[in-house]
Amino acid sequence: MSAVLKPVQSTSPFQIETFDAPLGAQVLGLDLAQPLSQGDFQRLHHAHLDHHVLVFRDQRITPQQQVDFSRRFGPLQIHVLRQFQLPTQPEVLIISNIVENGQPIGLGDAGHFWHSDLSYKEVPSLGSMLHAQELPDEGGDTVFANMHLAWESLPAALRHAVRGARAEHSYLSQYEELRRRNPWRPALTQAQIDEVKPVTHPVVRVHPETGRRALFVSEHFTTRIVGLPDDESRALLEELFAHSVRPEHLYVHRWQPHDLVFWDNRSLMHLATGCPPDQRRKLYRTTIEGDAPY
């Protein structure tokens, strides 16, 4: 059953402006370095459910403040690549292509394939927050796909094919391919491999707060449809992947300095478009725990 959020009184004059896109809105005039009232928090919560992506402009907050704001939405999840944690803040994953003293300071190829964060976990992510620290002059966009629209516009034959279906998700699915492309992506230890054993989830999930259905498969982590022969599974997944990322489902985020972007992993997939290797890019990510999909 979806949650019903009661209207609340906002105490701050910040604005929420909807994008001319299939999803997304920007929050203007709000400083997350300052205390946030419960009324203002609930206003943001409403907006996040309505728009799936909130872009908080010009946020000059510390990693601790990002962690504190993230925690208001739920417990935080720690990424398996702990070598890329912020040393003073283990809840923060460094997303960066910067190499210092011959070693990468962060995960440089995060988002190379379409995905929903941590769908490979028994309890995937509610949402992720990404805070810009250094941005390239060229490239570096993030593209979001509205998976509610993908489900709602799915042709009848595909709807019938996925009714009641479950799919396997695995962190290892594209891992060696990413290592082949990126020499800085580390080999996984056996302990890390044990931490990310494959899981199965519904192909179509229900958003636990709004009740809306969404496709929940991705080219990065979804390996197969349970119970189908491999060739049929692959063909069906390819159709679902292609349909999900049709232009009418997408919002392209072009980063501005100090943007904090908060997206709903229950509603969206996303993709990093990349940037030239000589352009420095560094962002800090926190990930909020969600619910087991149903």
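Out of all the residues in segment 137-155, which are among the hydrophobic types (A, V, I, L, M, F, W, C) and either open to solvent by 10 Å² or more (accessible area, probe 1.4 Å) or touching a helix residue (DSSP H, G or I) at 6+ places or on another chain (Cβ under 8 Å) (or both)?
Taking segment 137-155 first, the residues among the hydrophobic types (A, V, I, L, M, F, W, C) are 143-145, 147, 149-151, 154.
Passing the criteria: VAL143, ALA145, MET147, LEU149, ALA150, TRP151, LEU154.
Restricting to segment 274-294, and then to whatever is within 15 Å of the chain's Cα centre (by Cα) and under 13 Å from GLU134 (Cβ atoms), can you tell me which residue is most open to solvent (accessible area, probe 1.4 Å)?
TYR284
Please determine, by comparing only the residues of segment 1-37 that are open to solvent by 100 Å² or more (accessible area, probe 1.4 Å) and closer than 26 Å to LEU268 by Cα, which one is modelled with the lowest pLDDT.
Among residues in segment 1-37 that are open to solvent by 100 Å² or more (accessible area, probe 1.4 Å) and closer than 26 Å to LEU268 by Cα, the one modelled with the lowest pLDDT is MET1.
Does segment 102-115 contain at least one residue that is in a loop (DSSP other than H, G, I, E, B) and closer than 20 Å to PRO293 by Cα? Full working, then the answer.
As a first pass, look at segment 102-115 and keep what is in a loop (DSSP other than H, G, I, E, B): 102, 105-106, 108-114.
Subset that is closer than 20 Å to PRO293 by Cα: 114.
Yes, segment 102-115 contains at least one residue that is in a loop (DSSP other than H, G, I, E, B) and closer than 20 Å to PRO293 by Cα.
Checking the conditions here, which among LEU228, LEU260, LEU240, LEU215 is over 30 Å from GLY108 (Cα atoms), of a type outside the set (Gly, Ala, Ser) and either crowded, with 16+ Cβ neighbours inside 10 Å or in contact with a helix residue (DSSP H, G or I) (Cβ under 8 Å, 6 or more places away or on another chain) (or both)?
Working: LEU260 fails: over 30 Å from GLY108 (Cα atoms); LEU240 fails: over 30 Å from GLY108 (Cα atoms); LEU215 fails: over 30 Å from GLY108 (Cα atoms).
So the residue among LEU228, LEU260, LEU240, LEU215 that is over 30 Å from GLY108 (Cα atoms), of a type outside the set (Gly, Ala, Ser) and either crowded, with 16+ Cβ neighbours inside 10 Å or in contact with a helix residue (DSSP H, G or I) (Cβ under 8 Å, 6 or more places away or on another chain) (or both) is LEU228.
Kindly indicate the residue of segment 173-212 that is touching a residue at least 60 places away in the same chain (Cβ under 8 Å) and under 20 Å from VAL226 (Cα atoms) and also most open to solvent (accessible area, probe 1.4 Å) among those meeting that condition.
Of all residues in segment 173-212, those touching a residue at least 60 places away in the same chain (Cβ under 8 Å) come to 174, 178, 181-182, 184-186, 188, 192, 195-196, 198-199, 201-202, 205-212.
From the residues that got through so far, the ones that are under 20 Å from VAL226 (Cα atoms) too are 174, 196, 198-199, 201-202, 205-206.
Details: GLN174: 44, VAL196: 3, PRO198: 78, VAL199: 10, HIS201: 5, PRO202: 16, ARG205: 4, VAL206: 24 Å².
The qualifying residue most open to solvent (accessible area, probe 1.4 Å) is PRO198.
Out of everything in segment 111-136 that is of a type in the set (A, V, I, L, M, F, W, C) and touching a helix residue (DSSP H, G or I) at 6+ places or on another chain (Cβ under 9 Å), what residue ends up being surrounded by the fewest Cβ atoms within 10 Å (Cβ to Cβ)?
For segment 111-136, the residue satisfying everything is PHE113.
Only one of (1) part of a loop (DSSP other than H, G, I, E, B); (2) at pLDDT 95 or above; (3) within 30 Å of TRP255 (Cα to Cα) is not met by LEU130, so which one is it?
Answer for LEU130: the failing condition is (1).
If we scan segment 158-166, do we find a residue that is surrounded by 15 or more Cβ atoms within 10 Å (Cβ to Cβ) and within 20 Å of the chain's Cα centre (by Cα)?
no
Being among the charged types (D, E, K, R) and either at pLDDT below 95 or crowded, with 19+ Cβ neighbours inside 10 Å (or both) is the filter here; which residues of segment 41-79 pass it? Before you say what the answer is, go through the steps one by one.
Initially, segment 41-79 is screened for residues among the charged types (D, E, K, R), giving 43, 50, 57-58, 60, 68, 71-72.
Residue satisfying the conditions is ARG43 alone.
With the requirement that a residue be surrounded by 15 or more Cβ atoms within 10 Å (Cβ to Cβ) and out of contact with any helix residue (DSSP H, G or I) (no Cβ under 7 Å at 6 or more places or on another chain), what does segment 243-257 give you?
First pass over segment 243-257, keeping only residues surrounded by 15 or more Cβ atoms within 10 Å (Cβ to Cβ): 243-245, 249-251, 253, 255.
If the condition is that a residue be surrounded by 15 or more Cβ atoms within 10 Å (Cβ to Cβ) and out of contact with any helix residue (DSSP H, G or I) (no Cβ under 7 Å at 6 or more places or on another chain), then VAL245, LEU250, TYR251, HIS253, TRP255 are the ones that fit.
Determine whether segment 70-79 contains at least one residue that is farther than 15 Å from SER128 by Cβ and either in a loop (DSSP other than H, G, I, E, B) or touching a strand residue (DSSP E or B) at 6+ places or on another chain (Cβ under 6 Å) (or both).
Residues of segment 70-79 that are farther than 15 Å from SER128 by Cβ, as a first pass: none.
Checking segment 70-79: not a single residue is farther than 15 Å from SER128 by Cβ and either in a loop (DSSP other than H, G, I, E, B) or touching a strand residue (DSSP E or B) at 6+ places or on another chain (Cβ under 6 Å) (or both).
Kindly establish whether ILE94 is buried (at least 19 other Cβ atoms within 10 Å of the Cβ), among the β-branched types (Val, Ile, Thr), touching a residue at least 24 places away in the same chain (Cβ under 8 Å) and under 20 Å from LEU135 (Cα atoms). Before the answer, list the steps.
On the way: buried (at least 19 other Cβ atoms within 10 Å of the Cβ): yes; among the β-branched types (Val, Ile, Thr): yes; touching a residue at least 24 places away in the same chain (Cβ under 8 Å): yes; under 20 Å from LEU135 (Cα atoms): yes.
Yes: the conditions hold for ILE94.
The values are calculated or read from the model by the stated rules, or taken from the named source; none is laboratory data. Predicted model only: the values in this text are computed from it and were never measured. Heads up, the Cβs are rebuilt from the backbone with ideal geometry, glycines too, and the neighbour counts pull from every protein chain shown. To get the accessible areas, we keep the full protein, side chains included, count just its heavy atoms, and leave off ligands, DNA and RNA. Shrake-Rupley method; radii C 1.70, N 1.55, O 1.52, S 1.80 Å.
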